[in-house]
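Enquirer: Attaching a single structure in structure tokens format; questions to follow.
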Amino acid sequence: MKTNKDSVAGKTVMLRGSEVFNGVSEASLQSLASVAILQDYEAGESLFYQEQKASGFYVLVKGALAVYRAGMDGRQQILHVFDEAGDVCGEVPVFEGSTYPAAADATVSSRVLYLPRADFLAITRQHPEILLEMLAVLSRRLRRFVGLIDDLSLKDVSTRLSAFLLGLADAAGRETFELGMSKGVLASRLGTIPETLSRTLRKLQQAGVAEVDGRTIRIRDRARLEAIANSEEGL
């Protein structure tokens with residue numbers, strides 16, 4: 001990790017780009033910017049570890065962060081990938097004064113603003129509207145986690161993968177797109193292992209639903225892929 005310097009004005013602009021702080025007053029943003037620390041992480045570097053004391057939280061400026069839980073057997077389950085500027089990571093335990101329930105790594109070279117817990121809480125006592133904005137974001141994130149639990153417990157791997165690929169295609173606006181992550185990361189995000197993911201991709205290819213060339217995916221039969229995504233049993 002490398003610490004960089006930037007002006008309060010520059011960091012204020014970065015914070016303004018986050019949906020968490022979009023409705024916050026300029027004075028509140030400047031107060032937060034004055035204590036925010038600009039940090040750079042290389043791909044694979046850890047921002048924090050599971051069960052580490054939560055000393056602050058992060059606002060993504062650029063890059064991508066993967067938040068995951070690690071089991072006793074070494075397997076990892078990715079809970080969320082933050083890859084949009086303004087995404088907030090690691091904020092929940094900051095309010096509790098507890099430990100991070102999961103770990104977070106940079107998946108590519110990334111830049112973040114780090115907000116120390118003590119400074120952040122002192123500022124929110126003077127500017128409580130910050131907490132209201134964060135509450136709305138936390139509520140939306142809770143809904144996403146409920147959906148993740150349903151997917152992992154009720155749906156087949158091919159169903160989860162099909163829905164994920166459709167989401168990527170929709171975001172790209174075309175039927176051919178890049179995964180944007182390694183297959184190992186994707187497997188963990190879908191709650192499976194790389195071997196199972198590879199077998200499922202082969203099944204999709206054999207069924208004529210999709211073509212896979214490295215990280216490039218081409219959807220050949222969207223209607224069939226949508227049918228698989230909407231089925232709990234999958235292929």
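The values are calculated or read from the model by the stated rules, or taken from the named source; none is laboratory data. Treat the numbers as computed from the prediction; the structure is a model and nothing was measured. Every residue, glycine as well, gets a Cβ built from its backbone with ideal geometry; the counts of neighbours run over all protein chains shown. Areas reflect the complete protein model, heavy atoms only, side chains present, ligands, DNA and RNA absent. Shrake-Rupley method; radii C 1.70, N 1.55, O 1.52, S 1.80 Å.
Enquirer: Around L166, under 9 Å between beta carbons, what's the net of Lys plus Arg minus Asp minus Glu among the other residues? Before the final figure, lay out the partial values.
Expert: Details: positive: R222; negative: D170, E226.
For residues surrounding L166, the net value is -1.
Enquirer: Report the label-to-label distance for R222 and Q50 in nanometres (one decimal), using points 7 Å from each Cα along the Cα→Cβ vector.
Expert: That separation, rounded to one decimal, is 3.9 nm.
Enquirer: Given an 8 Å cut-off on Cα distances and at least 6 residues of separation, report the relative contact order of the chain as a percent. Before the final figure, lay out the partial values.
Expert: Values: 408 pairs, mean separation 46.1, N = 235.
Answer for the chain is 20 percent.
Enquirer: Another question about this same structure. Report, to the nearest 10°, how far helix 117-126 tilts away from the longest principal axis of the Cα atoms in the chain, using its own Cα long axis and a range of 0 to 90°.
Expert: Around 70 degrees separate the two axes.
Enquirer: Right, here's the next one. Tilt of helix 194-206 relative to the longest C-alpha principal axis of the chain, in degrees (0 to 90, nearest 10)?
Expert: The helix 194-206 is inclined about 50 degrees to the chain.
Enquirer: Rounded, prolate or oblate: which one fits segment 99-141, using the alpha carbon gyration tensor with axes a ≥ b ≥ c (rounded when a/c is under 1.5, else prolate when a/b beats b/c, else oblate)?
Expert: Working: a/c = 2.08, a/b = 1.56, b/c = 1.33.
Prolate, because a/c is 1.5 or more and a/b exceeds b/c.
Enquirer: May I pose another question? Mind checking the per residue accessible area of the chain for me, 1.4 Å probe, whole number of Å²?
Expert: Values: 11940 Å² over 235 residues.
Each residue of the chain exposes 51 Å² on average to a 1.4 Å probe.
Enquirer: Which value in nm describes the separation of the simple spin-label points at K183 and S109, placed 7 Å from the Cα toward the beta carbon?
Expert: Taking the simple label geometry, K183 and S109 are separated by 2.7 nm.
Enquirer: Is it possible to state the helix-based mean residue ellipticity at 222 nm for the chain, with each DSSP H run of 4+ residues giving -39500 (n - 2.57), the sum divided by total residues, to the nearest 500 deg cm²/dmol? What is it?
Expert: Calculated at 222 nm, the ellipticity per residue is -13500 deg cm²/dmol.
Enquirer: Specify which labelled value, from (1) 35; (2) 38; (3) 28, agrees with percent of Cα pairs over 28 Å apart derived from the coordinates of the model shown.
Expert: (2)
Enquirer: So which aspartates and glutamates can K183 reach, going by Cα to Cα under 17 Å and dropping same-chain residues fewer than 8 places off?
Expert: D83, D105, E195, E211, D213
Enquirer: From the square roots a ≥ b ≥ c of the eigenvalues of the alpha-carbon gyration tensor of segment 59-107, which class results: rounded (a/c under 1.5), prolate (a/b over b/c), or oblate?
Expert: Working: a/c = 3.11, a/b = 1.20, b/c = 2.60.
Oblate, since a/c reaches 1.5 and b/c is not below a/b.
Enquirer: Compute, for D40, the solvent-accessible surface of its heavy atoms (probe 1.4 Å) with the complete set of protein chains present, and express it in square angstrom to the nearest 10.
Expert: 40 Å²
Enquirer: What is the log10 of I(q)/I(0) for segment 1-130, computed with the Debye formula using one identical point scatterer on each Cα and no solvent, at q = 0.23 Å⁻¹?
Expert: So the normalised log intensities are -1.47.
Enquirer: Only sites in a loop by DSSP and with at most 16 other Cβ atoms within 10 Å count here; which trypsin sites (Lys or Arg not before Pro) in segment 170-235 make the cut? Display every interim value, and only then the final one.
Expert: Numbers: sites: R174, K183, R189, R199, R202, K203, R215, R218, R220, R222, R224; in loops: R174, R215, R220.
Of the trypsin sites (Lys or Arg not before Pro), the ones in loops of segment 170-235 whose Cβ has at most 16 other Cβ atoms within 10 Å are R174, R215, R220.
Enquirer: Still on this structure: Between segment 1-18 and segment 56-135, how far is it from one alpha carbon centroid to the other, in angstrom?
Expert: 16 Å
Enquirer: Based on the Kirkwood radius over alpha-carbon pairs, what is the Stokes-Einstein translational diffusion coefficient of segment 1-77 at 25 °C with 0.890 mPa s viscosity, in µm²/s? If you can, show how the numbers build up before the last one.
Expert: Working: Rh = 14.5 Å.
Here the translational diffusion coefficient equals 170 µm²/s.
Enquirer: Give me the angle, in degrees from 0 to 90, between the Cα long axis of helix 129-154 and the longest principal axis of the Cα atoms of the chain, rounded to the nearest 10.
Expert: Helix 129-154 sits roughly 20 degrees off the main axis of the chain.
Enquirer: A further question follows. Does segment 156-235 come out rounded, prolate or oblate by the C-alpha gyration tensor, with a ≥ b ≥ c the root eigenvalues, rounded set by a/c under 1.5 and, if not, prolate when a/b is larger than b/c and oblate if not?
Expert: On the way: a/c = 1.37, a/b = 1.05, b/c = 1.30.
Rounded.
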